[in-house]
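Okay, so here's the structure we're looking at.
Computed from the coordinates by the stated procedures, all read-outs in this text should not be read as laboratory data. Computed from a prediction, not measured in an experiment: that's the story for all the values here. Cβ atoms come from the backbone with ideal geometry, glycine included; neighbour counts cover every protein chain shown.
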Amino acid sequence: MKKYDVRLCRIERAEQIAPGIYDVTVEAGELAKAARPGQFAHIYVPGKTLRRPISICETGSGTLRFVFQAKGEGTRILAASRPGESWDILAPLGNGFTLGDTGRNVCFVGGGIGVPPLLEAAKPFGERAVVVTGFRSRDAVILQEDFKRSGNRTVLCTDDGSAGFHGLVTDCLPQRCEEIFACGPTPMLKAVARAAAARGIPCQLSLEERMACGVGACLGCAVRLKDGGGWRFGHVCKDGPVFDSRTVDFEEGGVRHG
């Protein structure tokens, strides 16, 4: 099949796993076979002109799993879907994580709804991956047992101290780490990139930006990237969503803060 395609995918399972957070698995056939960790799907919402971009959380035997937040009207409509219904899905889209040698000691860092895209990427590393996740409070915590089933070591942080470590994810980065993979709010990504630079290790960041087309045509998800001594514009949907942290311009006007 070509790089991406559109398929009508039957919903196998749908449930709410935390306040405002929904977990949906669909039968996706060839779309699932083509998907790579860190990519996303564009899902049609009945009655809406624009599709909604949702990160791929996990791939199974012909299935795609999505864990997303019902934040606006479109995602609330998707959250109301039930098993037996179908989603019109354009996938897999974007450039995901480059995992490299899975025998290395690595760290995955996720914040809030930025945690789901890390699940499939962390699997091949097993116990060599430390997964540090941060949430507002205990009620917002998701996917901890899923990472543990893959053998990953987990470190949980909450802003209010109601579960795990009371503080920031950057306070819990492991000492033995050869590369960092991260997804979450822009301030967190900026701090993680700074920590990786201080250690002199590679870091891959999955950026979050509003998207319309999902394939690089509308140019609405532009971000500023460092290019030699200057900069250029890249697009999260086509050039990303994953970028080398050294290329991301976090200065004013570079990446929108979410």
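Under the Karplus relation 6.51 cos²θ - 1.76 cosθ + 1.60, θ = phi - 60°, what is the ordered set of whole-Hz ³J(HN,Hα) values for the stretch 45-53, x standing for Gly and Pro?
10, x, x, 10, 6, 9, 6, 10, x
Extension gain T247-A80, at 0.36 nm per residue separation less the Cα-Cα distance, in nm?
Gain in length upon complete extension: 56.3 nm.
What residue among G134, G84, G126 has the largest mean-square fluctuation in a Gaussian network model of the chain, using Cα springs under 10 Å?
Evaluated over the chain, the most mobile residue of the options is G84.
If all Cα-Cα distances of the stretch 5-93 are sorted into 10 Å bins from 0 onward, what percent lands in each bin, rounded to whole numbers?
Percent of pairs per bin, in order: 19, 58, 23, 0.
Could I have the simple spin-label model distance between T98 and R136, label points 7 Å from Cα toward Cβ, reported in nm to one decimal?
3.7
Kindly rank 36-42, 68-74, 58-64 from highest to lowest mean number of other beta carbons found within 10 Å of each residue.
On the way: 36-42: 23.6, 68-74: 15.4, 58-64: 17.9.
Highest mean packing first, the order is 36-42, 58-64, 68-74.
Give a quick list of trypsin sites (Lys or Arg not before Pro) in the stretch 140-211 that DSSP marks as loop, anything other than H, G, I, E or B, with at most 14 other Cβ atoms within 10 Å.
Values: sites: K148, R149, R153, R176, K190, R194, R199, R210; in loops: R176, R210.
Those that pass, being in a loop and sparsely packed, are R176, R210.
For a test of understanding, tell me how many lysine pairs in the stretch 1-98 have Cα atoms under 26 Å apart, given they are 8 or more places apart or on different chains.
Eligible lysine pairs with Cα atoms under 26 Å apart amount to 4.
Among P92, A193, P46, whose Cα projects farthest towards the positive end of the dipole of the chain, with charges put on the beta-carbon of Lys, Arg (+1) and Asp, Glu (-1)?
Projecting each Cα onto the dipole axis, the largest value belongs to P92.
Express as a percent, rounded to the nearest 5, the fraction of DSSP beta bridges in the chain (both residues included) that run antiparallel.
Details: 38 of 62 bridges.
Just about 60 percent of them are antiparallel.
Roughly how many nanometres apart are two label points built 7 Å out from the Cα toward the Cβ at E127 and D88?
In this crude label model, E127 to D88 measures out at 4.9 nm.
Among V67, V45, V236, which one shows the highest mean-square fluctuation when the chain is modelled as a Gaussian network with alpha-carbon springs under 10 Å?
V45
Which of rounded, prolate or oblate describes the stretch 12-162 when judged by the alpha-carbon gyration tensor and an a/c cut-off of 1.5? Walk me through the numbers before you get to the answer.
Working: a/c = 2.03, a/b = 1.29, b/c = 1.58.
Oblate, since a/c reaches 1.5 and b/c is not below a/b.
Which shape class applies to the stretch 92-153: rounded if a/c is under 1.5, otherwise prolate when a/b exceeds b/c and oblate if not, where a ≥ b ≥ c are the square roots of the Cα gyration tensor eigenvalues?
oblate
Take the Cα radius of gyration of the chain and divide it by 2.2 N^0.38 Å, with N its residue count; two decimals is plenty.
Working it through for the chain, the quotient is 0.96.
Lysine pairs in the stretch 106-247 with alpha-carbon atoms under 24 Å apart, 8 or more places apart or on different chains: how many are there?
Working: K123/K148; K190/K226; K190/K238; K226/K238.
Step by step, the pairs that qualify in the stretch 106-247 add up to 4.
Pick out which of C218, C203, C177 has the largest mean-square fluctuation in a Gaussian network model of the chain, springs linking Cα atoms closer than 10 Å.
Top of the fluctuation ranking is C218.
Once amide H atoms are built 1.01 Å from N in the peptide plane, which residues 5 or more positions from G111, or in another chain, come under 5 Å H to H?
Those lying under 5 Å, H to H, from G111 are G134, C183, G184.
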